[in-house]
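J.: Below is a structure I'd like to ask you about.
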Amino acid sequence: MSITRRDILAATTGLGISGLATGALLLSRRQGASVKPTPDAVIDQALHDPDNPVLGNQQGALTVAEYFDYQCLYCKMGHAMLSRVVRDEGDIRLVMKDWPILGAPSVLASQLVLGAVSMGRYHQAHDALMATDARLSQDQIHEVLNAAGIDPGTALTAYRAERDRWDGLLSRNSAQAAGLGLGGTPVFVIGGTVYPGAMDENRLRRAIAEARGQI
């Protein structure tokens, strides 16, 4: 089941968008009054956050975003397929939206992989952890990153050096998820449509074709 922007707007009209962290999304303020972002604005922020690392084609015509957790079994089961489809399509920006909701190891994994950005090793760190079994311990996270040639201590230092940037990104991801009414991972945003739950290859390719106006 997919959720369009119109569906989100209907669901939130009159109720407001719950769970938005103060300052997590950019709000316009005039004369002391706040303006809540519309669902369209939340989707746009989700797809185009300037701090979010981008995989695939950074100049791609279509953006696909996935809200994921490094301990989410279904996120991991579909990651190789997702990466393959993005490579096949050639002009997709793939935005991986860290949403660490499954405990402390999820938070640590997100922090270390984001720290790897400044090391030029985001792709390697991300793929290494997405190839693991669902549940992780701190020691397992360190072992996996070490095996991928990424020193966890260096990655943690790099994360701490830009903590405001990365914590801000994680906060915005969480706020966007609340604004879109998401209940867990994985969730895909393709064009202007939200697709909760795991997707097989046929469904993913069809959603991409629909976003391109080919269906």
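The values are calculated or read from the model by the stated rules, or taken from the named source; none is laboratory data. Bear in mind the structure is a predicted one, so any value in this text is a computation, not a measurement. Calculation scope for accessible area: heavy atoms of the full protein, side chains included, ligands and nucleic acids excluded. Shrake-Rupley method; radii C 1.70, N 1.55, O 1.52, S 1.80 Å.
J.: Residue-wise, which Karplus ³J(HN,Hα) couplings in Hz belong to region 152-159, taking 6.51 cos²θ - 1.76 cosθ + 1.60, θ = phi - 60°, and x for glycine or proline?
T.: x, x, 5, 5, 5, 4, 5, 4
J.: Rank these by accessible area, largest first, 1.4 Å probe: ARG212, ARG87.
T.: Working: ARG212 70, ARG87 165 Å².
My answer, sorted largest first, is ARG87, ARG212.
J.: Follow-up question, since we're still on this one. Accessible surface of SER174 in the full protein assembly, 1.4 angstrom probe, to the nearest 10 Å²?
T.: 50 Å²
J.: In addition: As a test of reading the structure, rank LYS97, LYS76 by solvent-accessible area (1.4 Å probe, protein chains only), most first.
T.: Descending accessible area places them as LYS76, LYS97.
J.: Still on this structure, I have one more. Carbon and sulfur together cover what percent of the accessible area of region 76-215 at a 1.4 Å probe radius?
T.: 48 percent
J.: A follow-up question, please. Below 8 Å, C-alpha to C-alpha, sequence gap of six or more: please give me the relative contact order for region 26-155 in percent.
T.: Details: 167 pairs, mean separation 31.4, N = 130.
It rounds to 24 percent for region 26-155.
J.: With θ set to phi - 60°, apply the Karplus curve 6.51 cos²θ - 1.76 cosθ + 1.60 along region 172-181 and write out the HN-Hα couplings as whole Hz, x wherever there is a Gly or Pro.
T.: Per residue, the Karplus-derived 3J(HN,Hα) values read 5, 4, 5, 5, 5, 4, 5, x, 8, x Hz.
J.: With every protein chain present, what is the per residue accessible area of region 60-150 (1.4 Å probe, Å²)?
T.: Result: 39 Å² per residue.
J.: Continuing with this model, one more query. Top to bottom by accessible area (1.4 Å), largest first, where do ARG84, ARG135 land?
T.: Output order, biggest surface exposure first: ARG135, ARG84.
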